[in-house]
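Computed from the coordinates by the stated procedures, all read-outs in this text should not be read as laboratory data. None of these values were measured; they are calculated from a predicted model. Note that each Cβ is placed from the backbone with ideal geometry, even for glycine, and that neighbours are counted across all protein chains shown.
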Amino acid sequence: MDPTATSKEPVGVLTYEDVMLPLLLCAEDGKPQRVRDLAGKVADYFSVSEALRRETLPDGHNRLIHRMEWARTYLKQAGLVDYPGRGLFKITERGLSVLREKAGRIDSKFLRRYPEFVQFKSSEAQDGGAAGSSGAQPIDPEEAMERRWVSMLSTSRPNDGPTSQVGGGTFSNSWGCCKESARESPSLRRFSRKRPETM
């Protein structure tokens with residue numbers, strides 16, 4: 001499978017699981033790689049539209065690169081890639097072995113064959129950051145937290161009182177105080193430390 005080839009038809013928004021295999025294929029030569037440098041190849045493989053290539057998250061990060069960074073993190077937790085230096089990843093012998101299997105897709109279900117990954121997912125779930133645990137289409141952990149946060153804000157009401165207890169933190173029902181209150185939540189602090197290293 002050639003990572004520079006293109007898929008048969010253009011696709012919509014990619015999940016972090018969609019890009020796991022192409023990302024690993026791009027590292028097949030054994031050289032250290034940067035996610036940002038491979039974004040074009042991955043987008044070309046899936047025939048991603050220009051609009052989706054430029055799409056950003058609310059914090060300004062490119063959505064495709066963000067998904068690729070999470071894919072790299074999961075591949076690392078399964079031992080398929082290693083980090084030889086800051087911002088770099090490199091395929092391991094285990095990763096090469098997976099490519100020799102010629103798997104049609106790599107996703108979380110596939111990676112559960114490795115005990116290290118199972119332990120990682122168990123720890124992630126305990127911290128409330130499991131991705132794709134409640135829906136058919138997996139999203140990365142950070143976007144999952146973002147959706148829960150938006151949902152929480154949309155259900156808060158000014159007449160609920162001055163504060164509400166949510167997720168172990170105290171949240172003000174005043175919209176202007178939401179960000180300050182979020183910083184006080186232990187669960188959100190644990191989650192924010194797990195963000196993949198940006199390029």
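Taking label points 7 Å from Cα along the Cα-to-Cβ direction, GLU28 and ASP59 give a separation of 3.3 nm.
Taking label points 7 Å from Cα along the Cα-to-Cβ direction, ASP37 and ARG86 give a separation of 1.7 nm. Between ARG113 and SER47, full extension at 0.36 nm per residue minus the direct alpha carbon distance yields a gain of 20.7 nm. In units of the compact-protein estimate 2.2 N^0.38 Å, the stretch 20-127 shows a Cα radius of gyration of 1.08.
Computed from phi, the 3J(HN,Hα) profile of the stretch 111-125 under the Karplus parametrisation 6.51, -1.76, 1.60 (θ = phi - 60°) reads 6, 5, 5, 9, x, 4, 6, 4, 5, 4, 5, 5, 5, 5, 5 Hz, with x in place of Gly and Pro.
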